[in-house]
Amino acid sequence: MAGNQQLKESRVVKVDSEESWDLFFSQATNQGCPVVVHFTAAWCIPSVAMTAVFEDLALNYQDMLFLVVDVDEVKEVASKMEIKAMPTFLLMREGAQVDKLVGANPDEIRKRTEAFIRSSRSHKMT
């Protein structure tokens with residue numbers, strides 16, 4: 001039973017304050033870890049529907065940090081990152097935005113995350 005519990009454990013980290021956002025980003029930047037962020041809202045059905053896709057990506061790309069930000073709970077971060085619609089996905093490296101996807105498009109977020117991790121891996125080698 002304990003093994004089944006572990007399989008369901010999420011690799012997506014919930015950002016619950018501006019301070020935790022800053023902490024996660026400074027740690028990721030210092031470690032050269034790419035970051036994928038899902039900006040969501042509990043009332044946004046397309047955003048909620050993308051949660052399973054995002055969780056799956058987090059399991060497949062263990063060398064990336066996956067963050068989820070509820071725009072209603074952490075308005076300061078949503079405002080700072082200029083999030084205007086949900087879901088919005090940001091792909092970030094070294095504290096800077098590399099790519100942005102607005103809307104619930106599972107195939108596109110998978111494709112962009114794959115391309116992002118490949119470019120991040122080659123970026124680390126240079």
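The values are calculated or read from the model by the stated rules, or taken from the named source; none is laboratory data. Bear in mind that the values here come from a model prediction, so they are computed numbers and not experimental data. Positions of Cβ are generated from backbone atoms using ideal geometry, with glycine treated the same way; all protein chains shown enter the neighbour counts. Heavy atoms of the whole protein, side chains included, go into the accessibility calculation; ligands, DNA and RNA do not. Shrake-Rupley method; radii C 1.70, N 1.55, O 1.52, S 1.80 Å.
Miscellaneous remarks
- Boolean, residue 31 is under 23 Å from residue 120 (Cβ atoms), of a type outside the set (D, E, K, R) and more than 15 Å from the chain's Cα centre (by Cα): yes
- All positions within segment 83-98 that are over 18 Å from residue 12 (Cβ atoms), open to solvent by less than 80 Å² (accessible area, probe 1.4 Å) and in contact (Cβ under 8 Å) with a residue 12 or more places away in the chain: 85, 93, 95, 98
- Within segment 62-71, considering residues that are over 11 Å from the mean Cα position of the chain (by Cα) and either free of Cβ contacts under 8 Å to residues at least 12 places away in the same chain or more than 12 Å from residue 86 (Cβ to Cβ) (or both), the one least open to solvent (accessible area, probe 1.4 Å): 63
- Scan segment 31-54 for residues that are of a type in the set (A, V, I, L, M) and open to solvent by 60 Å² or more (accessible area, probe 1.4 Å) and the total you get is 5.
- Any hit, segment 17-30, residues being assigned to a strand (DSSP E or B), open to solvent by less than 60 Å² (accessible area, probe 1.4 Å) and not aliphatic (A, V, I, L, M): no
- Residues of segment 13-61 that turn out to be acidic (Asp, Glu) and free of Cβ contacts under 8 Å to residues at least 12 places away in the same chain, as a count: 3
- For residue 10, the stated conditions do not hold, so it cannot be described as more than 20 Å from residue 118 (Cβ to Cβ), assigned to a helix (DSSP H, G or I), open to solvent by less than 70 Å² (accessible area, probe 1.4 Å) and in contact (Cβ under 8 Å) with a residue 40 or more places away in the chain.
- Subset of segment 99-126 (residues that are touching a residue at least 24 places away in the same chain (Cβ under 8 Å), over 18 Å from residue 69 (Cα atoms) and crowded, with 18+ Cβ neighbours inside 10 Å): 116, 117, 120
- Entirely in segment 39-103, the strands (runs of 3 or more DSSP E) that have 1 or more residues that are farther than 21 Å from residue 16 by Cβ and out of contact with any Lys or Arg (no Cβ under 7 Å at 6 or more places or on another chain): 88-93, 96-102
- With respect to the stated conditions, residue 47 fails to be out of contact with any strand residue (DSSP E or B) (no Cβ under 7 Å at 6 or more places or on another chain) and among the polar types (S, T, N, Q).
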